[in-house]
Amino acid sequence: MHTIIAPIITGFCLGASAIIAVGAQNLFILRQGLKQEHVLPIILLCASVDTILIMASVLGVGQIVGTIPYFTDALTYVGAAFLIWQGMTALRHMMSSSTVTLEEQPRQSLRKVMTMTCGFTLLNPHLYLDTILLMGSVSLSQPEASRPYFGMGAVLASFVWFPLLGYGARALRPIFTSPLAWRILDGLTAAIMLTLAGTLLYHAAIPA
């Protein structure tokens with residue numbers, strides 16, 4: 001039993017450390033959780049993507065991806081462009097003269113929300129670095145028989161964190177009845193996304 005529990009705990013802790021951070025994807029899930037809009041499909045999509053990539057890394061796909069020329073660079077520039085666009089959008093919302101309360105937040109279609117979720121998830125280079133390359137590297141330190149359990153632990157972290165974030169946002173709803181709270185959230189979102197974009201471009205510009 002110990003040979004099963006130990007790798008699951010290790011994978012869970014590593015997976016949690018990779019996803020529990022203030023980032024573009026988590027801020028998007030938080031916003032949708034506050035609006036209580038399409039939360040379950042978002043959670044399932046994000047956790048499913050993590051599951052596929054994590055288990056692929058455990059099976060050794062990370063070593064193959066690492067050998068593809070310019071894969072990371074191309075993904076970095078596309079991801080940075082997406083983050084800049086989203087950051088500027090949040091900045092325009094913050095600077096808007098109109099005040100919007102929680103009840104007045106415009107409702108978006110499921111298709112649009114899922115498209116945005118795919119963007120925040122799949123265009124994030126750190127997703128692949130964390131789930132495929134990092135997880136794949138660490139999994140090699142596990143006995144071969146324990147690697148599937150290590151992957152299961154990392155997957156479990158995603159299925160715990162995303163529902164906690166999406167549905168736990170309800171507790172913050174009283175705060176976001178104020179237009180000022182939405183301005184602050186938009187400002188924080190813009191700052192984080194533009195900072196992440198700048199960080200991606202900076203590291204891409206540095207020769208390996």
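Out of the residues in the range 165-205 that are aromatic (Phe, Trp, Tyr) and in contact with a Phe, Trp or Tyr (Cβ under 9 Å, 6 or more places away or on another chain), state the one that is farthest from Ala81 (Cα to Cα).
This residue is Phe176.
Just to be sure before I move on: is Gly168 touching a residue at least 60 places away in the same chain (Cβ under 8 Å) and on the phi < 0 side of the Ramachandran plot in the structure I sent?
So Gly168 passes the test.
Please list, ordered by residue number, the helices (runs of 4 or more DSSP H) wholly in the range 110-208 having 2 or more residues that are within 19 Å of Ala90 (Cα to Cα) and touching a helix residue (DSSP H, G or I) at 6+ places or on another chain (Cβ under 7 Å).
110-122, 179-205
Only residues that are surrounded by fewer than 21 Cβ atoms within 10 Å (Cβ to Cβ) and within 15 Å of the chain's Cα centre (by Cα): list them for the range 41-61, please.
Pro41, Leu44, Leu45, Ala47, Ser48, Val49, Thr51, Ile52, listed by residue number.
Kindly provide the set of residues from the range 5-36 that are closer than 12 Å to Ser158 by Cα, surrounded by fewer than 18 Cβ atoms within 10 Å (Cβ to Cβ) and not small (Gly, Ala, Ser), ordered by number.
Scanning the range 5-36 gives Cys13, Ile20.
At negative phi and at pLDDT below 85, is that true of Ala16?
no
I'd like the full set of residues that are over 17 Å from the mean Cα position of the chain (by Cα) and at pLDDT 75 or above, limited to the range 192-204.
Across the range 192-204, the qualifying residues are Gly198, Leu201, Tyr202.
Here is a yes/no grid of residues against (1) modelled with pLDDT of 75 or more; (2) under 26 Å from Leu53 (Cα atoms):
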position: Leu83; (1), (2): yes, yes
position: Ala90; (1), (2): yes, no
position: Ser96; (1), (2): no, no
position: Glu103; (1), (2): no, no
position: Leu110; (1), (2): yes, yes
position: Tyr128; (1), (2): yes, yes
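Would you say Pro41 is over 16 Å from Ala157 (Cα atoms), modelled with pLDDT of 80 or more and out of contact with any Pro (no Cβ under 7 Å at 6 or more places or on another chain)?
yes
Can we say Met95 is in contact (Cβ under 8 Å) with a residue 60 or more places away in the chain and either in contact with a strand residue (DSSP E or B) (Cβ under 7 Å, 6 or more places away or on another chain) or hydrophobic (A, V, I, L, M, F, W, C) (or both)?
no
The values are calculated or read from the model by the stated rules, or taken from the named source; none is laboratory data. Remember, it's a predicted structure, so these values are computed and weren't measured experimentally. When we count neighbours, we look across all protein chains shown, and the Cβ atoms used for this are built from the backbone with ideal geometry, even at glycine.
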